[in-house]
There are 2 protein chains.
Amino acid sequence: MRAACLPAFASAAVEQTAAIIVIGNEILSGKVVDTNSPYLARELRALGVDLRRVVVIPDEVEVIAEVVRELAPKVDYVFTSGGVGPTHDDVTMEGVAQGLGRHVVRHPALERFWRDYFGREAQSALKMAEVPEGGELLLGEGITVPVVKVANVYVLPGIPEFFRGDFEAIRERFRLAPFHLRRVYLRTSEGAIAAKLHELLAAYPDLLLGSYPTVSDPAYDVLVTLESKDAACVEEALKSLLALLPPQAVLRWE
Amino acid sequence: MRAACLPAFASAAVEQTAAIIVIGNEILSGKVVDTNSPYLARELRALGVDLRRVVVIPDEVEVIAEVVRELAPKVDYVFTSGGVGPTHDDVTMEGVAQGLGRHVVRHPALERFWRDYFGREAQSALKMAEVPEGGELLLGEGITVPVVKVANVYVLPGIPEFFRGDFEAIRERFRLAPFHLRRVYLRTSEGAIAAKLHELLAAYPDLLLGSYPTVSDPAYDVLVTLESKDAACVEEALKSLLALLPPQAVLRWE
């Protein structure tokens, strides 16, 4: 058993962090279930980006500004979802601008894009062409609603199909070393293994070790996950864990 | 058409607000989809409580403390989900305590509860009996894992079955006047109706008006929602909206 895994935050130059801001009264009022943040959480994990926070907030300029002001300096990437359409409750651009201390300006290329799209509905085109000053358009295959990048904030549309199409089109710019994951399924209580997990973590302090009991899945009682960007470390820690646990408690691992 | 609905925030004594803090690396890493906050969002809406924010954060004492410190003074109720088990990553009690500026102490009744539950696994009982100083146990029918209430923070378990059972058992203490909701399904683009929605909102400034386009549902193009705790206002606003829209754009309302 070696002393430790490579820490996940060993190199600030390699480790990248992210936050997601989901903007929408419809989520907070329980009318719509947010599927964008679970999707993006999985994508970021596969890319090796460490998602640090998800925040769901109402369509209110001041609240958006406050959360952008708080999170943008803390993480490498902020993704917003929602509030970029033509109606009264679409205030994300204004909120992001305020949060970054910028003005809202009309983006000529975006105005052309929306004028082409809307045809005669010019009023919508004008509203949807407003972006925080310095905003950059990300266009490309699969992008229906252009992504606006301003500082480290990526503004994406809330409609799940557009959100996914947009993220897929820009995904590769975020790719880093991926995480390696092992899952161990157990037939035992969490209480009975807590001390063993402490012991494992003492030997591998940088291992990302998770323990998740279930009550409704008859197939197992507890799922233990071992994760690191250091694949060899995960394999060694898995061996150590299997040696620590009573063999009859281990159902299977993958 | 009367001038306005009763504002949602007309009386601070009647309006109640809430925030949900979901604690779990498994959510941020995309391994598990959070179903507790969508469930609680629906429940709070039905109870008439205004959910102002959902935050998903990692199992880290300092981050939990920071978010509790930020949100507890801002809303009437804070609900936390997860991080209350016996393993190394269960640090919610410590985080909530730090966030409220309290010590963690052992709660004798909770210790007895867990000793009865765990039998000989005393170590787990001791960890799971630790609560922020002044923490109150909420017990009752349907509660499997006791809810700990400290100040305005309600600490609930993360396992969905327990989370729901616990919330159902304490639900009635949060009941207020419910929101009334009307939905109007349209065959038109959001851009084409944006000006009409502005007009409606000018007449009913306190109406909660939502506009949600779909791209994958062939049954309609845009769903408009009208909400208020003032049921008569919603009905009047619905009539006004139907009068403002071209009749052929309206598919149905409910």
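Residue count for the stretch A:51-75 under the criterion of being surrounded by fewer than 24 Cβ atoms within 10 Å (Cβ to Cβ) and either at pLDDT below 95 or over 17 Å from the mean Cα position of the chain (by Cα) (or both): the result is 9. Just so you know, in the stretch B:111-163 the residues that are of a type in the set (D, E, K, R) and out of contact with any helix residue (DSSP H, G or I) (no Cβ under 8 Å at 6 or more places or on another chain) include one that is surrounded by the most Cβ atoms within 10 Å (Cβ to Cβ), and it is B:LYS149. Are any of the residues in the stretch A:34-43 on the phi > 0 side of the Ramachandran plot and either more than 8 Å from chain B (Cβ to nearest Cβ) or not in a strand (DSSP E or B) (or both)? No, the stretch A:34-43 has no match at all.
What residue, of A:PRO160, A:PRO146, is within 11 Å of chain B (Cβ to nearest Cβ), in contact (Cβ under 8 Å) with a residue 24 or more places away in the chain and within 15 Å of A:THR80 (Cα to Cα)? Break it down into steps so the answer makes sense when it comes.
Working: A:PRO146 fails: within 11 Å of chain B (Cβ to nearest Cβ).
Going through A:PRO160, A:PRO146 in turn, just one is within 11 Å of chain B (Cβ to nearest Cβ), in contact (Cβ under 8 Å) with a residue 24 or more places away in the chain and within 15 Å of A:THR80 (Cα to Cα): A:PRO160.
Applying the criterion of being surrounded by 22 or more Cβ atoms within 10 Å (Cβ to Cβ) and among the polar types (S, T, N, Q) to the residues of the stretch B:86-110, the residue that is nearest to B:VAL55 (Cα to Cα) is B:THR92. Where strands (runs of 3 or more DSSP E) fall entirely within the stretch A:53-163, those with at least 2 residues that are of a type in the set (A, V, I, L, M) and touching an Asp or Glu at 6+ places or on another chain (Cβ under 9 Å) are at A:104-106, A:147-150. Total residues in the stretch B:23-33 satisfying the condition of being out of contact with any helix residue (DSSP H, G or I) (no Cβ under 9 Å at 6 or more places or on another chain) and either closer than 22 Å to A:ILE23 by Cβ or more than 8 Å from chain A (Cβ to nearest Cβ) (or both): the figure is 1.
Checking A:ARG182, A:ARG187, A:ARG252 one by one, the residue that is in contact with a Phe, Trp or Tyr (Cβ under 9 Å, 6 or more places away or on another chain) and within 14 Å of another protein chain (Cβ to nearest Cβ) is A:ARG182 and no other. Going residue by residue through the stretch A:172-189, is there one that turns out to be under 16 Å from the mean Cα position of the chain (by Cα), in contact (Cβ under 8 Å) with a residue 60 or more places away in the chain and within 30 Å of B:PHE163 (Cα to Cα)? Looking through the stretch A:172-189, at least one residue is under 16 Å from the mean Cα position of the chain (by Cα), in contact (Cβ under 8 Å) with a residue 60 or more places away in the chain and within 30 Å of B:PHE163 (Cα to Cα).
Restricting to the stretch A:182-193, what's the tally of residues that are buried (at least 17 other Cβ atoms within 10 Å of the Cβ) and at pLDDT 90 or above? Working first, answer last.
Taking the stretch A:182-193 as the starting set, the residues that turn out to be buried (at least 17 other Cβ atoms within 10 Å of the Cβ) are A:182-186, A:188-193.
Still in the list and also at pLDDT 90 or above: A:182-186, A:188, A:193.
Total meeting the criteria: 7.
For the stretch A:190-216, name all the residues that are within 12 Å of chain B (Cβ to nearest Cβ) and acidic (Asp, Glu). A:GLU190, A:GLU199, listed by residue number.
Listed by position, the strands (runs of 3 or more DSSP E) enclosed by the stretch A:171-254 that each have at least 3 residues that are β-branched (Val, Ile, Thr) are A:222-228. Just one of (1) at negative phi; (2) more than 10 Å from every other protein chain (Cβ to nearest Cβ) fails for B:GLY85. It is (2).
The values are calculated or read from the model by the stated rules, or taken from the named source; none is laboratory data. Owing to the predicted nature of the structure, the values given are computational and were not obtained by experimental measurement. Note that we place each Cβ from the backbone using ideal geometry, even for glycine, and neighbour counts take in every protein chain shown.
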